[in-house]
Amino acid sequence: MAHADLQVRSLQDADAARWDAFVQQSAEATFFHRAGWKKVIERAFGHRTHFLYVESDGEILGVLPLAEINSRLFGHSLAALPFCVYGGIAATDAARRVLDEAAQQLAAQLQVGHLEYRNLQPQHADWVSKPLYVTFRKEIDPDEEKNMLAIPRKQRAMVRKGIKAGLQSEIDADIERFFHAYSTSVHRLGTPVFSKKYFAILKEVFADDCELLVITNEGRTVCAVMSFYFRDEVLPYYGGGTDEARAVAGNDFMYWELMRRACARSYRIFDFGRSKLGTGSFDFKKNWGFEPTPLHYEYQLHQSKAVPDTNPLNPKYQLFIKMWQRMPLAWANRIGPYIVRNLG
């Protein structure tokens, strides 16, 4: 496909370094635009990917990472990007139009139910949108004490409770302790768990830019978080705690430790990530003094008449959630990955 001298191409292994170089310097690109997500989604979930880029005279001018999910339960979709909170097109103006046209043509060719962009800024006012998610981002100070004092008083007291409890933090190279804390936490919430394989692949593909912070109490794992690092940002992305975490303010201590460590390494932005409106996660982040910023998830309908509602807050899922919470953890960890791989 061509538009004047702009060529649309599909990402190949040999293009990955050039793709990531563009992402690194593009102001609207995010960690979730990195080429590594192609390998992650293909290897962890078995989904087809369509990572498109526009170039002119050998120079990449825009990227659009897309993945296709075809599920009997949840429909057939093409999205930028499943399993990621941000996505959409990162490009110059001319390249943006070309990528947008290419994505819409691909969606029609594949006969998907819908095409989805997960934007930080609105792009298509005429597409269906869902005002469901917000993100929480905040600049952190180079001074550790100023960051502590910026936390509202009640939340700061919880952080100090974790400090007084003698909690310890350490970076882990292995996913076992992290997965124990994470899977225990999501099971308590009644949510299907991602596979251990998925987290191992994330760590393998993104290496030092994917970090595991584990919080312990007298040697016992209390909670853990997997964070991504991108440019001057740290993004705590997957986390959870054991039953002990609440009693010792483990999660509060954990996010403070992540912020403190990022500050010491001169990172500037703490991205607390996506939350659904009306959830405990939303309230927790607000209590840290972070202000919500709406996310713009936009859907162009193709074969579907409406976007499937897979939101766990949907009342029809409440019975399923209660059943999942009662399921033995070992069973949930075995069955969950087969469900969540199709949710995106």
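The values are calculated or read from the model by the stated rules, or taken from the named source; none is laboratory data. These numbers were taken from a predicted model, which means no experiment stands behind them. Heads up, the Cβs are rebuilt from the backbone with ideal geometry, glycines too, and the neighbour counts pull from every protein chain shown. When the accessible area is computed, the model is the full protein with side chains, heavy atoms only, and any ligands, DNA or RNA have been set aside. Shrake-Rupley method; radii C 1.70, N 1.55, O 1.52, S 1.80 Å.
For the stretch 260-283, enumerate the residues that are farther than 23 Å from V186 by Cβ and part of a helix (DSSP H, G or I).
R260, R261, A262, C263, A264
Of all residues in the stretch 152-170, which are among the charged types (D, E, K, R) and open to solvent by 60 Å² or more (accessible area, probe 1.4 Å)?
R153, K154, R160, K161, K164, E170, listed by residue number.
Just the residues that are of a type in the set (D, E) and modelled with pLDDT under 95, please, taken from the stretch 263-297.
Passing the criteria: D283, E291.
Pairs under 8 Å by beta carbon, first residue free of Cβ contacts under 8 Å to residues at least 60 places away in the same chain in the stretch 263-278, partner loosely packed, with under 14 Cβ neighbours inside 10 Å and assigned to a loop (DSSP other than H, G, I, E, B), six or more apart or different chains?
Once the first residue is free of Cβ contacts under 8 Å to residues at least 60 places away in the same chain and sits in the stretch 263-278, its partners that are loosely packed, with under 14 Cβ neighbours inside 10 Å and assigned to a loop (DSSP other than H, G, I, E, B) give G278/L313.
I'd like the full set of residues that are within 20 Å of R153 (Cβ to Cβ) and either open to solvent by 20 Å² or more (accessible area, probe 1.4 Å) or at pLDDT below 95 (or both), limited to the stretch 249-262.
N251, Y255, R260
What's the total number of residues in the stretch 84-137 that are closer than 29 Å to K285 by Cβ and among the basic types (K, R)?
3
If I filter the stretch 187-205 for residues that are open to solvent by less than 50 Å² (accessible area, probe 1.4 Å), assigned to a helix (DSSP H, G or I), at negative phi and modelled with pLDDT under 95, do I get at least one hit?
yes
Tell me which residues, restricted to the stretch 12-47, are surrounded by fewer than 20 Cβ atoms within 10 Å (Cβ to Cβ), charged (D, E, K, R) and either in contact with a helix residue (DSSP H, G or I) (Cβ under 8 Å, 6 or more places away or on another chain) or under 18 Å from K203 (Cβ atoms) (or both).
Those that are surrounded by fewer than 20 Cβ atoms within 10 Å (Cβ to Cβ), charged (D, E, K, R) and either in contact with a helix residue (DSSP H, G or I) (Cβ under 8 Å, 6 or more places away or on another chain) or under 18 Å from K203 (Cβ atoms) (or both): D20, K39, E42, R43.
Checking the structure you have, find out if any residue of the stretch 68-80 is open to solvent by 20 Å² or more (accessible area, probe 1.4 Å) and on the phi > 0 side of the Ramachandran plot.
Within the stretch 68-80 (the criterion being open to solvent by 20 Å² or more (accessible area, probe 1.4 Å) and on the phi > 0 side of the Ramachandran plot), the answer is yes, since at least one residue qualifies.
Would you confirm whether any residue within the stretch 122-131 is in contact with a His (Cβ under 8 Å, 6 or more places away or on another chain), at pLDDT 95 or above and among the small types (G, A, S)?
No; the residues of the stretch 122-131 include none that is in contact with a His (Cβ under 8 Å, 6 or more places away or on another chain), at pLDDT 95 or above and among the small types (G, A, S).
All but one of (1) in a loop (DSSP other than H, G, I, E, B); (2) of a type in the set (D, E); (3) surrounded by 22 or more Cβ atoms within 10 Å (Cβ to Cβ) hold for D126, so report the exception by its number.
So D126 meets the others, but not (3).
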